[in-house]
Amino acid sequence: MSIFISREACVGCRRCVEACPGNLIKLDADGKAYIRHPKDCWGCTSCVKECGREAISFFLGADMGGRGSRLTTHKEGDFRYWKITDAAGLEQTIVVNQKDANRY
Amino acid sequence: MERERIVTDVLIIGGGTAGCYAALTIAKESPGTKVVIAEKANIIRSGCLAAGVNALNAYITPGQTAQDYVDYAKRDAAGIAREDLLLSMAEGVNRVTEHLEQLGLVILKDEYGAYAARGKRNIKINGENIKPLLAEAVKKQKNVTVINHVNITDYLLADGGIAGAVGFHVDERKAYVFLADAVLCATGGAAGLYRPNNPGFSRHKMWYPPFNTGAGYAMGIRAGAEMTTFEMRFIALRCKDTIAPTGTIAQGVGARQINAKGEVYETKYGITTSERVYGTAAENLAGRGPCYLHTEGISESQSEDLLKAYLNMAPSQTLKWIESGRLPHEQDVEIEGTEPYIVGGHTASGYWVDTDRRTTLPGLYAAGDVAGGCPQKYVTGALVEGELAAQAILADLGAAGSPLRRADEKRRRLREERIATETERYLGEYEAHLSSGGSPAMFTAEQLEEAMQKVMDNYAGGISTHYRYNERQLHIADDKILMLQKMTEKLHADDMDELLHVYELKERLLVCRVVIAHLAARKETRWHAFAENTDYPGQSDEWLKYVNSVYRDGKVKIRFRELTDTGKQERAEVYGG
Ligand SMILES: Cc1cc2nc3c(=O)[nH]c(=O)nc-3n(C[C@H](O)[C@H](O)[C@H](O)COP(=O)(O)OP(=O)(O)OC[C@H]3O[C@@H](n4cnc5c(N)ncnc54)[C@H](O)[C@@H]3O)c2cc1C
Ligand code: SF4
Ligand code: SF4
């Protein structure tokens, strides 16, 4: 389980670099973010949430039942949108109201 | 290597839950006191709270008292927990909860406007942004300076106490020397000691943050601080693969634990935290695995709420449900026990502290998962401990003729000299690993880490032995860990990132040795799974005492303490009453 960073979408703002609790993300010579050790990712999605460009997606390794779906997210006001794109490109979005607490 | 020297009144090591709250407390109660937080990552999302949490697990709900919480936690720990620590923690959890709400945390309310409870001790929140909320509050304080991306490795000892700490920047070739009158250790617990559930590509998909590597324990051990209850390991019952919490499913939709035959086994083995893990391991051992949380048949809307709840704290579980093509109402959720962790916020391993969270080393305080004796503190308990430690620091610094404030000129000079020698020694070690004269890359930190995890797994009660061990195995484990410790001396680091991994490994190995010594010292099975000693399978009243240790001359020296001990004696000696 790890993250994937799109070079095209990344603008080098460093927010993910600062958000990662494991110091795993660095900027390369072109100022694009990359994860130094994909195997070291904890899967906390801090970077996914902090990136304002939706450049970072999150996936499950095959050892965890991953089949190629990717998770991205963005926030609009109180609402957080979680978009899951499966291997075939089908999208599904789950919206969570941040002002709502978990019912469980 | 470039170096920076920073002088402050109070140094907080680790800007996590407890560390941030200690800084906020000092800012509020003594705005003139200078505080520096040295944090390995960036306080914005560092530590346990990175992914968010979905409940406050320690809260005194209406009709309950702080003493009820103490009684529960003590029972759950089979008697090995400090009542004085538990009580001072439990008395503060509602206070800090209110403060969290003021900072912006969303807490679910019932129809009367009271916090909505989940069971007797939990309240429901939306804790996705709990860490950024704390971090923002800290950044607003004028007397608090946060230095991010600095990994602290060692305390500076002088004058019979702790006078500061040294560390290095995780990217730049730069060393930091901090000098402080008081130091608070708040580095969290230790993960990655044992071979994890997913040892391959997803090796870091563990419950506890893989970046909390036991630095605070290791520094304290090396400096000779007394440690307690390292034999009470914490093993979590988690969703298979994703290691996501199970409580949300179990308590949220009332799902029961069932085995492969569909039999409910959760009450068969007892209901304490360790017995629940043990039951699952025992069912597997008896050939009745895998085990599940029985969610099949819950309503579709419950299923949807679960998807959302997990996005707020463990998004990989939501993704897993979706990847599998079957949502929680369509399939049971497989569960497993994790590898053992050392974490004083769930179980009781950590620094031996007095009621005010002073360690046995003058000038050093501990709070949160790194502090021992006080299990089940969770988020709110860590915050309270941060507050209590901060108050003790302010009291000690303010006391007339406080030995922490070094006024005497001659003593100060001696102290400076001592600090200078220590600093050179530690910084010399960094340089040695970084210098090109290091060994060729036959062994890397990664390789030795895998070796360590294999040893702990096979010989010190990991997943592969269903958490069981005996004296012979512990002996083998100790020999092998000692060998690996020696091998770390020659490790070469190409850059600061590699240096970080070398130090994380060294910390873990030292913590492993203390864990092994404690497991061997408690000659009984006080807790199933957490400390399952097959040479002594039963519980015995003779062992109603604390197993503590002090590290001296390269050896872990065990000492026992009575259950009534509150860590006070040391204080009297140190602060003259
Ligand atoms: C995944 C997960 C989910 C949880 N869910 C809940 C929940 O729902 N409800 C609940 O009540 N409790 C929950 N808990 C428990 C609770 O979050 C912790 O007990 C608590 O946050 C611990 O606080 P701490 O300050 O001790 O550690 P942390 O908050 O982890 O802080 C430790 C800090 O020290 C830093 N650090 C470490 N080493 C060094 C070093 N060498 N130099 C400098 N800095 C260093 C780390 O980067 C980190 O910022 C959860 C824990 C985890 C891991
Ligand atoms: S946060 Fe997003 S845009 Fe900014 S550096 Fe990271 S990946 Fe690039
Ligand atoms: S998911 Fe978490 S651990 Fe992984 S790279 Fe992003 S911030 Fe770091």
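Criterion applied to B:Glu450, B:Glu446 was being within 30 Å of B:Phe178 (Cα to Cα), under 25 Å from the mean Cα position of the chain (by Cα) and open to solvent by 70 Å² or more (accessible area, probe 1.4 Å), and the one residue passing it is B:Glu446. Within the set B:Ser299, B:Ser303, B:Ser324, the sole residue that is in contact with a Pro (Cβ under 6 Å, 6 or more places away or on another chain) and surrounded by fewer than 21 Cβ atoms within 10 Å (Cβ to Cβ) turns out to be B:Ser303.
Considering the range A:14-35 alone, what residues qualify as being more than 16 Å from ligand 1 (Cβ to nearest atom) and either in contact with a His (Cβ under 9 Å, 6 or more places away or on another chain) or open to solvent by 70 Å² or more (accessible area, probe 1.4 Å) (or both)? Listed by number, the residues that qualify are A:Arg14, A:Arg15, A:Ala29, A:Asp30, A:Tyr34. Of all the criteria given as (1) farther than 24 Å from B:Met313 by Cβ; (2) more than 10 Å from ligand 2 (Cβ to nearest atom), the one not satisfied by A:Leu27 is (2).
Within the range B:115-139, take every residue that is part of a loop (DSSP other than H, G, I, E, B) and more than 22 Å from A:Cys44 (Cβ to Cβ) and give me the one that is farthest from the chain's Cα centre (by Cα).
Narrowing the range B:115-139 to residues part of a loop (DSSP other than H, G, I, E, B): B:116, B:119-121, B:128-129.
Narrowing further to those that are more than 22 Å from A:Cys44 (Cβ to Cβ): B:116, B:119-121.
Values: B:Ala116: 28, B:Gly119: 25, B:Lys120: 24, B:Arg121: 21 Å.
In this case the residue turns out to be B:Ala116.
When each of B:Gly270, B:Gly262, B:Gly247 is tested for being within 14 Å of another protein chain (Cβ to nearest Cβ) and surrounded by fewer than 23 Cβ atoms within 10 Å (Cβ to Cβ), the lone residue that passes is B:Gly247. Contact map, the range B:139-156: residues that are within 12 Å of another protein chain (Cβ to nearest Cβ) paired with residues that are open to solvent by less than 50 Å² (accessible area, probe 1.4 Å) and acidic (Asp, Glu), Cβ distance under 7 Å, separation 6+ or inter-chain. Pairs shown: B:Val146/B:Glu39; B:Asn148/B:Glu39; B:Val150/B:Glu39. Can you tell me which residue in the range A:6-48 is farthest from B:Gly192 (Cα to Cα), limited to those that are near ligand 3 (Cβ under 9 Å from one of its atoms) and among the β-branched types (Val, Ile, Thr)? Ranking the candidates gives A:Val48 first. Criterion applied to B:Asp553, B:Asp497 was being free of Cβ contacts under 8 Å to residues at least 40 places away in the same chain, of a type outside the set (Lys, Arg) and within 30 Å of B:Gln447 (Cβ to Cβ), and the one residue passing it is B:Asp553. Of all the criteria given as (1) surrounded by fewer than 16 Cβ atoms within 10 Å (Cβ to Cβ); (2) under 20 Å from the mean Cα position of the chain (by Cα), the one not satisfied by B:Tyr112 is (2).
The set of residues in the range B:234-259 that are over 30 Å from B:Val515 (Cα atoms) and out of contact with any Phe, Trp or Tyr (no Cβ under 8 Å at 6 or more places or on another chain) comprises B:Ala250, B:Gly254, B:Ala255, B:Arg256. Taken over the range B:10-28, residues that are within 16 Å of ligand 3 (Cβ to nearest atom) and surrounded by fewer than 24 Cβ atoms within 10 Å (Cβ to Cβ) amount to 0. Might you let me know whether the range B:298-309 holds any residue that is farther than 15 Å from B:Arg238 by Cα, in a loop (DSSP other than H, G, I, E, B) and modelled with pLDDT of 95 or more? For the range B:298-309, residues farther than 15 Å from B:Arg238 by Cα, in a loop (DSSP other than H, G, I, E, B) and modelled with pLDDT of 95 or more: present.
The C-beta contact set for the range B:279-291 (first residue over 20 Å from B:Ala255 (Cβ atoms), second residue open to solvent by less than 60 Å² (accessible area, probe 1.4 Å) and part of a strand (DSSP E or B), distance under 8 angstrom, 6+ apart or interchain) is empty. Looking at the range A:90-102, can you tell me whether even one residue there is more than 9 Å from chain B (Cβ to nearest Cβ) and within 12 Å of the chain's Cα centre (by Cα)? Checked the range A:90-102: no residue is more than 9 Å from chain B (Cβ to nearest Cβ) and within 12 Å of the chain's Cα centre (by Cα).
Does any residue in the range B:76-103 that is within 19 Å of B:Thr273 (Cα to Cα) and in a loop (DSSP other than H, G, I, E, B) come within less than 8 Å, Cβ to Cβ, of a residue that is of a type in the set (Phe, Trp, Tyr) and modelled with pLDDT of 95 or more six or more places away or on a different chain, and which pairs are these? The qualifying pairs are B:Ala77/B:Trp527; B:Ala78/B:Trp527; B:Ile80/B:Tyr546. Taken over the range B:334-375, the criterion of being open to solvent by 10 Å² or more (accessible area, probe 1.4 Å) and either part of a loop (DSSP other than H, G, I, E, B) or not basic (Lys, Arg) (or both) is satisfied by B:Glu334, B:Glu336, B:Gly337, B:His346, B:Thr355, B:Asp356, B:Thr359, B:Thr360, B:Leu361, B:Pro362, B:Asp369. Restricting to the range B:273-296, count the residues that are within 14 Å of chain A (Cβ to nearest Cβ) and open to solvent by 20 Å² or more (accessible area, probe 1.4 Å). Total meeting the criteria: 1.
At least 3 residues being more than 9 Å from chain B (Cβ to nearest Cβ) and touching a residue at least 12 places away in the same chain (Cβ under 8 Å) is the threshold, and among the strands (runs of 3 or more DSSP E) wholly inside the range A:1-86 those reaching it are A:2-5, A:33-35, A:70-76, A:79-85. Could you tell me whether the range B:250-261 includes any residue that is under 29 Å from B:Met456 (Cα atoms), part of a loop (DSSP other than H, G, I, E, B), in contact (Cβ under 8 Å) with a residue 12 or more places away in the chain and among the β-branched types (Val, Ile, Thr)? No, the range B:250-261 contains no residue that is under 29 Å from B:Met456 (Cα atoms), part of a loop (DSSP other than H, G, I, E, B), in contact (Cβ under 8 Å) with a residue 12 or more places away in the chain and among the β-branched types (Val, Ile, Thr). Applying the set (1) open to solvent by 10 Å² or more (accessible area, probe 1.4 Å); (2) assigned to a loop (DSSP other than H, G, I, E, B); (3) away from ligand 2 (no atom under 16 Å from the Cβ); (4) within 14 Å of another protein chain (Cβ to nearest Cβ) to B:Pro31 leaves exactly one unmet item: (4).
The criterion of being farther than 23 Å from A:Lys39 by Cβ, open to solvent by less than 20 Å² (accessible area, probe 1.4 Å) and not polar (S, T, N, Q) does not hold for B:Val170.
Residue pairs whose Cβ atoms lie under 7 Å apart, sitting 6 or more positions apart in sequence or on different chains, and linking a residue in the range B:422-445 that is assigned by TED's automatic domain parsing to the domain that holds B:Leu157 to a partner that is at pLDDT 95 or above and surrounded by 15 or more Cβ atoms within 10 Å (Cβ to Cβ), do not occur here.
Reported count of residues in the range B:1-48, each being without any contact (Cβ under 8 Å) to a residue 60 or more places away in the chain and not basic (Lys, Arg), is 0.
The values are calculated or read from the model by the stated rules, or taken from the named source; none is laboratory data. Quick caveat: nothing in here was measured; it's all calculated off a predicted structure. In this analysis, Cβ positions are derived from the backbone assuming ideal geometry, glycine residues included, and neighbour counts consider all displayed protein chains. Note: areas computed on protein heavy atoms with side chains; ligands, DNA, RNA excluded. Shrake-Rupley method; radii C 1.70, N 1.55, O 1.52, S 1.80 Å.
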